[in-house]
Amino acid sequence: MFKLNVLTPERKAVFDQEITKVTVPAHSGEMTILPGHSPLITTLGTGILKYKIKGQEKTYKAVISWGYCEVSPETVNVLAEFMQTPEEVVEETAKNHLQNAEKKLITEVLNDADYVATMNEADKARAAINLVKH
Amino acid sequence: MANLKEIRIRIDSTKNTQQITKAMKLVSAAKLRKAQHNITNMRPYAVTLKGVIANIAATQKVTHPLMTKKENVKSVLLVVLTSDRGLCGGFNSSIIKFAEKYYADHKAGLEKIDFIFVGKRGSDYFARKNVKGLESITKLDKDISYDLAHGVAEKLINRFMDGSYDEIRLVYNEFKSAISQKVVCETLLPVEIEKSSFEGTNFSPDMIFDPAPEVIIEDLLKKNFNLQVYRAMSESVASEHGARMTAMENASNNARDMINKLTLTYNKARQEKITTELTEIVSGAESLKG
């Protein structure tokens, strides 16, 4: 039994789903977790979450942004602030967001908080574009 | 005696008002359902987050400025959550009354009390009283999103971290049920974490942390704070719709009573008129006979 829960403040995206493998954008790079992993807590950056449901060939994907991940041998709990599935991504909007964010980064003088927020915005859009491409 | 036409006009206008209040009630009911849905959706996230913070704090013995209570509190920032629109019964007035009372009661003991107003009603009211808030956040007409709450929370946390305030308190309407709301005043910062919630979890002591627990807990505390602000806002919105629903229900009932009363007066007046006319005709005929 290896289960995945993905929660966001706005919804319960994945709940008690039995999986065989999950990949998360962890603090120190992408990390794949297989059943029986030792207990671990890590923060998550912006990136793509991938998981395989037991008995299915298809890999499910979603963009997530900030979160933390708690791993125990039987369960993986992912808490993310933002989550978007491929069906929800509109490529045009994502491209626009990316363009705006990049423009802002180049042309404006930003304070630290704004800089981080804009970077995050750009990362989110980039991940969303990648998500629909592949 | 009021004449018949006047009464009929009044009945018609009351009927129109009743239609409006009925429609508003239905709209509020739909919005309330949505807001309640928001609150239930958030619960699992909130519970998990709070649990893990308590666990890390207890097992790793880490502390953080966001968690440490100040010995003597000198400056307080009061965040007052109201709505943008009126017609919702005592929703806004009870919040405003509470904020005023809090200010009057604590003015003497503290060095400074500042306000941040969320919602147009509150900021307008205090602007008339010449109390200037540090900031007014209005335009809540759309649904409260996590992003909006996040923005507000970020500002609050910065003000707390740079030491301008020892405590940040939030005044809002807690959602009890569709017909009852309660004004509550919560201390948002510093965060109080009950260590008791540690019991009964399967938190392994040889947990791997990446990055270090101190860094993780800071991140988690901030996120938890964002979430608290989001929760309070959602509760406030749900309460607003609940309050408006009740207010509109009452208004519709009052309109119904009024229409009944007016119809009765109208019928009486009509009957009286007929009787008078009949008497006139009969007495006219009598006099012709004679």
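Values in this text are rule-based calculations from the coordinates and carry no lab data. Keep in mind that what you see is a predicted model, and the values were worked out from it rather than measured. As a convention, Cβ positions derive from the backbone with ideal geometry for all residues, glycine included, and neighbour counts pool all protein chains shown.
I need the semi-axes of the equivalent ellipsoid of the protein assembly as shown: take the C-alpha gyration tensor, multiply each eigenvalue by 5, square-root it, list largest first in whole angstrom.
Ellipsoid semi-axes (Å, largest first): 57, 28, 21.
With axes computed from alpha carbons, what is the tilt in degrees of helix B:4-60 against the longest principal axis of chain B, rounded to the nearest 10 within 0 to 90?
Orientation of helix B:4-60: about 10 degrees from the principal axis.
Cα extents of the range B:95-166 along the three principal axes, largest first, in whole Å?
Computed over the Cα atoms, the extents are 37, 30, 17 Å.
Could you tell me how many degrees, from 0 to 90 and to the nearest 10, lie between the Cα long axis of helix B:91-106 and the main elongation axis, the longest principal axis, of the Cα atoms of chain B?
50 degrees
So what is the relative contact order of the range A:2-86, in percent, for Cα pairs below 8 Å that sit 6 or more residues apart?
Once divided by the residue count of the range A:2-86, the mean separation gives 31 percent.
Take the Cβ-Cβ distance between A:T32 and B:K112 as r, set R0 to 41 Å, and report the resulting FRET efficiency rounded to the nearest 0.05.
0.20
If packing is taken as the average number of other Cβ atoms within 10 Å across a peptide's residues, how do B:280-289, B:55-64, A:19-28 rank, most packed first?
In decreasing order of mean packing, B:280-289, B:55-64, A:19-28 become A:19-28, B:55-64, B:280-289.
Choose one of A:T107, A:V89, A:N120: the residue whose Cα lies farthest towards the positive end of the charge dipole of the range A:43-134 (beta-carbon charges +1 Lys, Arg; -1 Asp, Glu; about the Cα centre).
A:V89
Mind listing which GluC sites (Glu not before Pro) in the range A:28-77 are in a DSSP loop and have 13 or fewer other Cβ atoms within 10 Å?
A:E57, A:E74
FRET efficiency for A:E108 and B:E135, Cβ-Cβ distance as r, R0 = 25 Å, nearest 0.05?
0.70
Gain in length, B:Y103 to B:S177, computed as 0.36 nm per residue apart minus the alpha-carbon separation, to one decimal in nm?
23.8 nm
In a Gaussian network model over chain B where Cα atoms closer than 10 Å are linked, find which of B:K112, B:K22, B:K155 has the largest mean-square fluctuation.
Fluctuation is largest for B:K155.
Using a 10 Å cut-off around each Cβ of peptide A:73-82, what is the average number of partner chain Cβ atoms that fall inside?
That average works out to 3.
Relative to the longest principal axis of the C-alpha atoms of chain A, give the angle of the C-alpha long axis of helix A:91-107, reported between 0 and 90° and rounded to the nearest 10°.
50 degrees
Between B:T279 and B:Q19, take the C-beta separation as r, use R0 = 41 Å, and let me know the FRET efficiency to the nearest 0.05.
E between B:T279 and B:Q19, to the nearest 0.05, is 0.55.
Using Cα springs under 10 Å in a Gaussian network model of chain A, which residue among A:N96, A:N77, A:N120 shows the largest mean-square fluctuation?
A:N96
For the range A:2-86, what is the Kirkwood hydrodynamic radius in Å, using each pair of distinct C-alpha atoms?
When all Cα pairs of the range A:2-86 are included, the Kirkwood radius is 12.4 Å.
Which residue fluctuates the most in chain A, going by a Gaussian network model with Cα springs under 10 Å, if the choices are A:Q56, A:Q84, A:Q99?
A:Q56
Please report the Cα spread of chain B along all three principal axes, rounded to whole Å, starting with the longest.
118, 44, 28
For B:F117, A:F15, what ranking results if the residue with the fewest other Cβ atoms within 10 Å of its Cβ goes first?
Arranged by neighbour count, lowest to highest, B:F117, A:F15 become A:F15, B:F117.
Before rounding to the nearest 500, sum -39500 (n - 2.57) across all DSSP H runs of length at least 4 in the protein assembly as shown and divide by the residue total; then give [θ] at 222 nm in deg cm²/dmol.
Helix contribution divided over all residues of the protein assembly as shown: -18500 deg cm²/dmol.
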